[in-house]
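The values are calculated or read from the model by the stated rules, or taken from the named source; none is laboratory data. Keep in mind the model is a prediction, meaning the values are calculated, not measured. Cβ atoms come from the backbone with ideal geometry, glycine included; neighbour counts cover every protein chain shown. Remember, those area values only see protein heavy atoms, side chains included, never the ligands or the DNA or RNA. Shrake-Rupley method; radii C 1.70, N 1.55, O 1.52, S 1.80 Å.
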Amino acid sequence: MYPVVPGHEITGVVTKVGTNVTRFKTGDRVGVGCLAASCLECEFCKSSQENYCDQIQFTYNGIFWDGSITYGGYSRMLVADQRYVVRVPENLPMDAVAPMLCAGITVYSPMKDTKMLESPGKKLGIIGLGGLGHVAVKFAKAFGLHVTIISTSPSKEKEAKERLGADHFIVSTDPKQMQAGKRSLDFLLDTVSANHSLGHYLELLKVNGTMVIVGAPEKPMELPSFPLIFGKRTVKGSMTGGMNETQEMMDVCGKHNITCDIEVVKPDQINEALERLANNDVRYRFVIDIAGQSSNL
């Protein structure tokens, strides 16, 4: 619905609050993620799983309660309902924490849901080392998991191990490495948005292992039956998280000093940034400094 103002990983400072706002005050450091409105009446809204409400409206290109179209963070100001706003811990930089409002919660939520975060010593495989994958490594290491990165890019091994702290690295296009990794992992987190088959990745899971899909390929995924049947494995999906869980994730980030690896760009560099993004030339998120020199964040 045009005009479109994108942006759904947004941090800033409250400049004004409505008369019914009780949770925030002027000057608070806050964040807004993917969600702008929901029905408030269904079982999911009532259990703080608003992201699964079938009437969910997103931060941009959604329809707000009053019928207006929602506009996102590529703007100098944003109006949001307090239910869909979270508090940003004082120790976190506003630019590097912004992508946690989508990328962060997108990996945190399934990790919590499958009890990864209460399973120190268990082995997690992360498919893809990009915007989501590198944040998943940080969460996993903070909670004591053994982390294996599975990637098509051998060049990422040094960064994965030495800088991010991954324990192991598998090049998914190397049959010998994939064979050596069979039945070695308790969990798999698939963050890849490119089209790919799930079959040879599933073989990496132990019996009863779980694979969670958080990437969103355009075409249907190939899901062979035998790796599921012979390993009693589970494949499930997950999207972002509810607001209570998003605040919990943000507090965890504050406790463990977890942020996204970013490169800050100015608004007049957005087109250049998109071109570089298309060429995989970013580690791992571009963040737009909308406020520019007027910002002291």
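Criterion first (outside any helix (DSSP H, G or I), in contact with a Pro (Cβ under 6 Å, 6 or more places away or on another chain), of a type in the set (Gly, Ala, Ser) and more than 18 Å from CYS253 (Cβ to Cβ)) does GLY72 satisfy it? When the stated conditions are applied, GLY72 passes them.
On the basis of being touching a Ser or Thr at 6+ places or on another chain (Cβ under 8 Å), surrounded by 13 or more Cβ atoms within 10 Å (Cβ to Cβ) and either free of Cβ contacts under 8 Å to residues at least 12 places away in the same chain or among the aliphatic types (A, V, I, L, M) (or both), does ILE258 make the cut? Criteria not met by ILE258. If you go through segment 169-191 and keep only what is part of a strand (DSSP E or B) and either touching a residue at least 40 places away in the same chain (Cβ under 8 Å) or not β-branched (Val, Ile, Thr) (or both), you end up with PHE169, ILE170, LEU185, ASP186, PHE187, LEU188, LEU189, ASP190.
Can you find even one residue in segment 156-167 that is farther than 17 Å from ALA140 by Cβ and buried (at least 19 other Cβ atoms within 10 Å of the Cβ)? There is no residue in segment 156-167 that is farther than 17 Å from ALA140 by Cβ and buried (at least 19 other Cβ atoms within 10 Å of the Cβ). Checked against (1) farther than 26 Å from LEU117 by Cβ; (2) in contact with a helix residue (DSSP H, G or I) (Cβ under 6 Å, 6 or more places away or on another chain); (3) hydrophobic (A, V, I, L, M, F, W, C), VAL214 passes all but condition (1).
Within this structure, VAL21 fails the test of being assigned to a strand (DSSP E or B), open to solvent by less than 60 Å² (accessible area, probe 1.4 Å), under 18 Å from GLN247 (Cβ atoms) and touching a residue at least 40 places away in the same chain (Cβ under 8 Å). Among the conditions (1) open to solvent by less than 70 Å² (accessible area, probe 1.4 Å); (2) under 18 Å from the mean Cα position of the chain (by Cα), the only one that LYS115 does not satisfy is (1). So, GLU203, is that one modelled with pLDDT of 95 or more and in contact with a helix residue (DSSP H, G or I) (Cβ under 6 Å, 6 or more places away or on another chain) or not? Criteria met by GLU203. The set of residues from segment 244-297 being hydroxyl-bearing (Ser, Thr, Tyr) and in a helix (DSSP H, G or I) comprises THR246, SER294.
Pairs are defined by a Cβ separation below 7 Å, a sequence spacing of at least 6 or placement on different chains, a first member in segment 71-88 that is over 22 Å from TYR2 (Cβ atoms), and a second member that is in a loop (DSSP other than H, G, I, E, B); the pairs so defined are GLN82/VAL21; GLN82/ARG23; GLN82/PHE24; VAL85/PHE24; ARG87/ASP28. Applying a threshold of 9 Å to beta carbon distances and a minimum spacing of six or more residues, or different chains, the list of pairs starting in segment 155-168 at a residue that is in contact (Cβ under 8 Å) with a residue 12 or more places away in the chain and ending at one that is open to solvent by 70 Å² or more (accessible area, probe 1.4 Å) and in a helix (DSSP H, G or I) reads LEU164/LYS141; GLY165/LYS141; ALA166/LYS141; ASP167/LYS141; ASP167/LYS161; HIS168/LYS161. Screening segment 5-16 for residues that are in contact (Cβ under 8 Å) with a residue 60 or more places away in the chain and part of a loop (DSSP other than H, G, I, E, B) and picking the one that is surrounded by the most Cβ atoms within 10 Å (Cβ to Cβ) gives GLU9. Only one entry in VAL207, VAL235 is part of a strand (DSSP E or B) and in contact with a Lys or Arg (Cβ under 6 Å, 6 or more places away or on another chain), namely VAL207.
Just so you know, in segment 223-244 the residues that are open to solvent by less than 40 Å² (accessible area, probe 1.4 Å) and in contact (Cβ under 8 Å) with a residue 60 or more places away in the chain include one that is nearest to VAL287 (Cα to Cα), and it is THR240.
Would you check which residues across segment 32-69 are assigned to a loop (DSSP other than H, G, I, E, B) and among the charged types (D, E, K, R) and list them? Passing the criteria: GLU41, ASP54, ASP66. Of VAL32, VAL79, VAL17, VAL13, all but one fail to be in contact with a Ser or Thr (Cβ under 7 Å, 6 or more places away or on another chain) and within 20 Å of GLY292 (Cα to Cα); the exception is VAL32.
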